[in-house]
Every structure is written in C-alpha cells, then in structure tokens.
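The values are calculated or read from the model by the stated rules, or taken from the named source; none is laboratory data. It should be emphasised that the depicted structure is a prediction, and the values quoted were computed from it without experimental measurement. Note: ideal-geometry Cβ built from the backbone for every residue, glycine included; neighbour counts use all protein chains shown. These area figures cover heavy atoms from the full protein model, side chains too; ligands, DNA and RNA do not enter into them. Shrake-Rupley method; radii C 1.70, N 1.55, O 1.52, S 1.80 Å.
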Amino acid sequence: MPTASITPPAPERDRARDRLALSRWLLAVAGMIWVMVALGGATRLTGSGLSIMEWAPLSGALPPLSHAEWQRLYDLYRTIPQYALVNQGFGLEGFQRIFWLEWVHRLWGRLLGLAFLLPFLWFWVRGRIPRPLLPRLLLLFVLGGLQGAVGWFMVASGFEADRTAVSPYRLVVHLSLALLLFAAILWTALSLRHPAPPPLDGMPPGRARALRRWVHAGAGLAVLTMLAGGLVAGLKAGLDYNTFPLMDGRLVPEGYAALSPFWRNLVANIAAVQFNHRLLATLTGIAAAGTAWTALAAGLAGPARRAVLAFPAAVALQYALGVATLLLVVPAWLGTLHQAVAVLVLGTALAALHALRGARAPRLAPSGGPEAAAAPVR
Ligand code: HEM
C-alpha cells in the first residue's frame with residue numbers, strides 16, 4: 001500500500017496549490033453526486049428502479065449485449081409483483097424502456113467511485129494530501145461504497161411479495177446517505193479552498209452571530225424537510241391532496257392522526273407525512289427569509305454576502321418547485337427537478353455556514369497566506 005513517505009512532504013509554498021487541486025477534485029465529485037441524486041429521482045419517478053434484479057458491481061457495468069441476455073433479465077423481472085401488478089404484458093420493449101435509467105444510475109455510481117478513488121490514489125502517492133485529511137477521505141470512500149450497498153438493500157425491498165415499489169424507509173436512508181456524502185465532500189472542498197473565513201466587513205459581531213444562527217436554523221430545517229420529502233416520495237404521498245395551501249379544504253388535513261399509536265402517523269400516514277413536509281418547508285422558508293433580512297439589514301458585503309444570499313434564493317426556488325410538483329400531480333421531470341434542487345438548497349446552506357465561520361471565532365490567518373495554507377481542514 002502506498003504511503004506518504006514515497007515522496008517527501010511538499011514544501012510549504014506548494015501546500016496552497018495542493019489544497020486548491022484537492023478542492024477542485026472534491027468539488028467535481030460533489031457535482032457528480034448531485035447528478036447522481038437527480039438520476040435517482042428520475043429512475044424512481046419513471047418506475048425504472050426495480051428493473052435490474054441482480055447486484056453485480058463489476059459485471060453489471062456492461063448492459064445486455066445479446067437477445068438471450070435481454071430475455072434472461074426480462075424473465076427475471078417477470079417474477080416480481082411489480083411486473084404482475086403494474087407492467088403485465090408490456091413486453092421486452094417495455095422492459096427495455098425502464099431498464100436503461102436504472103442501468104445509467106448504477107453506471108454513474110461506478111464512475112463516481114472511480115472519480116473518487118483514482119485521483120485519491122494519485123494525490124496520495126505523490127504526497128499531496130495533508131496527513132490529517134487522509135482518514136476523512138478514506139472514511140468518505142467507505143461511505144460511498146456503503147451507499148452502493150444501501151442502494152441495493154433498498155431495491156431488494158421492492159421485490160418482496162405484494163410490493164410494487166421500494167420501502168419508503170429504505171428510500172429515506174438511501175437519500176440521507178447521499179446527502180451526507182454530498183455535504184461532507186462539499187464542506188471538505190470548501191475548507192481546502194478557503195482555510196480562513198472571509199472577513200465580514202463592517203458587520204458588528206453580534207449581528208454576525210445572529211445571522212449565523214438564522215442560517216443554522218435554516219440549514220437544520222432544510223435537512224428535516226428533505227427527510228420528510230423522502231417519505232412523501234416513498235409513500236407516493238404527492239399523488240394525494242393536490243391543492244395548496246389547503247389539504248381537502250383544511251389547513252391541517254382531517255386524517256392527520258388517523259393511525260395509532262400516534263407516532264405511526266409521522267412515517268406511514270399520507271396526509272400527515274405530506275402536511276409535515278409542507279410545514280417544515282414553510283419553517284425553512286421563514287428561516288431563509290430571516291437570513292436574507294438580517295444579511296441585507298446589516299449590509300453584509302463581499303464574497304460572504306453572495307454565499308449567504310444564495311441560500312434564501314435556493315429555498316424560494318425549491319418551495320415554488322415543491323408547490324408546482326404537487327399541483328401538477330408529480331410529473332416525472334418536475335419531481336426530478338424538485339429532488340435535484342434539494343441538493344442545491346443543502347449546498348447553499350453549507351456554503352453560507354462556511355462563509356460565516358468568522359462569526360463564531362476570532363479570525364485566523366488571512367485567506368491564501370502560508371499560515372492559512374497550513375491550517376487544518378475542518
Ligand atoms: C425548503 C423547501 C423544500 C425542500 C428542501 C424539499 C425537499 C424535498 C425532497 C428532498 C424530496 C424527496 C425527493 C426524494 O427522495 O425522492 C421532496 C419531495 C416532495 N416534495 Fe418537497 N421540498 C420542499 C418544499 C416543498 C413544498 C413547499 C411542497 C408542496 C407544498 C413540496 C412537495 C413535495 C412533493 C409532492 C414531493 C414528492 C415528489 C415525488 O414523489 O417525487 N416540497 N421534497
């Protein structure tokens with residue numbers, strides 16, 4: 001196994017260059033995760049997710065190359081309830097239509113693994129990865145592999161008797177791990193690129209801390225909204241109550257507490273799950289508005305201003321997309337867009353928090369200087 005001792009440690013002045021190169025690589029990986037989430041949404045919404053009934057991490061990289069192989073996969077698919085209950089008799093052509101998206105989704109996952117592993121090994125062998133960063137990168141790689149396994153665990157739930165879709169809970173786990181990976185990789189990339197927080201010019205410390213609290217609240221609420229959104233998607237709850245803001249003429253739907261014990265409503269009751277998603281989204285919107293108001297009123301300027309204001313803008317867009325998705329009864333393209341923009345919301349929240357690190361601690365070395373380049377990656 002290669003070690004950092006193969007190449008002598010990079011001289012001090014090269015560290016900033018290494019950090020930039022590492023950050024570019026990780027940003028590209030984060031971008032690929034974003035595409036992966038969008039592909040996952042499209043796969044789910046076009047009913048393609050259960051079309052490949054085998055987990056073959058290596059040999060599955062090749063699509064079926066002969067008629068016999070297509071027929072074999074189609075015959076396998078015909079054994080599951082989704083075929084009998086949803087796609088009965090749609091023929092080999094119909095099967096091929098749903099096959100490709102799932103195949104591309106899995107292929108993209110393999111490419112993502114390579115886009116992480118190969119540059120990682122290259123940087124490592126050349127001694128360009130700061131030592132404290134190594135365990136984090138290794139952990140991220142393991143988590144990425146785990147995500148593949150969780151994906152299969154989720155898909156396998158869709159083959160069970162009487163099921164025509166995957167388990168909503170496994171879907172939420174799969175979505176959560178994707179968001180966690182995206183967040184960790186983006187944060188690491190930002191910390192490599194900007195080891196020191198940007199100055200919060202002209203902002204009194206009290207105001208800066210208040211702003212940071214708003215963004216924190218907004219980011220936490222946005223994450224909860226996303227998890228609730230995963231349940232809405234998993235239970236296909238977007239196909240009911242297609243009015244806004246009322247649900248069946250009421251602000252809180254009548255069947256909110258229909259299940260017993262009560263906690264089951266939070267995860268298994270379509271009315272409650274959809275209402276909770278709307279409520280959390282609205283609270284996220286309020287925190288985002290508070291963020292924008294505080295930043296503008298305090299006259300936040302420079303790069304921190306751009307980073308902070310991008311968050312409320314992304315939330316506003318996502319809110320509007322959510323309402324449109326609901327009113328139009330979840331067309332696949334719009335549902336996919338809503339899922340993809342959720343990642344944008346998370347990304348902008350993290351970028352805003354990253355830009356506001358200076359609000360919680362005294363400033364470190366000036367951005368880009370040698371001391372900054374040697375700073376630990378947080
Ligand atoms: C901050 C605002 C919002 C965020 C971050 C957000 C996030 C999400 C996420 C992550 C999903 C799940 C995607 C998946 O796992 O497949 C989702 C699904 C959904 N959201 Fe939102 N959402 C927001 C606002 C809204 C609003 C305001 C509405 C409607 C009133 C809405 C309606 C829906 C619907 C109907 C689905 C299910 C779509 C499907 O089946 O693909 N969302 N949302």
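Extent of the stretch 1-196 along its three principal axes (Cα atoms, max minus min coordinate, largest first): 66, 33, 22 Å.
Entry note, the chain: relative contact order of 25 percent, from Cα contacts under 8 Å with a spacing of 6+ residues. Taking GluC sites (Glu not before Pro) as exposed when their DSSP state is a loop state and no more than 11 other Cβ atoms lie within 10 Å, the longest site-free interval of the chain runs over 255-378. Considering helices alone, the calculated mean residue ellipticity of the chain at 222 nm is -23000 deg cm²/dmol, with DSSP H runs of length four and up weighted by -39500 (n - 2.57) and normalised per residue. Computed over protein heavy atoms with a 1.4 Å probe, the accessible surface of the stretch 197-362 works out to 45 Å² per residue.
Of the solvent-accessible surface of the chain, computed with a 1.4 Å probe and all protein chains present, 69% belongs to carbon and sulfur.
Taking 0.36 nm per residue of separation and subtracting the current Cα-Cα distance, fully stretching the chain between LEU85 and THR243 would add 54.0 nm. How much solvent-accessible surface does ASP240 expose, in Å² to the nearest 10, with a 1.4 Å probe and all protein chains in place? The value for ASP240 is about 70 Å².
Dipole magnitude for the chain: about 1460 debye, using +1 per Lys or Arg Cβ and -1 per Asp or Glu Cβ, origin at the Cα centre.
Scanning the chain for DSSP H helices at least 18 Å long along the axis (C-alpha atoms) with a Kyte-Doolittle mean no lower than 0.5 picks out 91-125, 134-157, 168-193, 205-234, 270-297, 302-327, 332-355. Which FRET efficiency, nearest 0.05, do ARG24 and LEU117 yield, Cβ-Cβ r, R0 22 Å? Computed FRET efficiency for ARG24 and LEU117 comes out at 0.85. Relative contact order, whole percent, for the stretch 1-196 stands at 40, derived from Cα pairs under 8 Å and 6 or more residues apart. With both labels modelled 7 Å from their Cα along Cα-to-Cβ, the ARG209 to PHE262 distance reads 3.6 nm.
Multiplying the residue separation of GLN96 and VAL252 by 0.36 nm and subtracting their alpha-carbon distance yields 51.9 nm.
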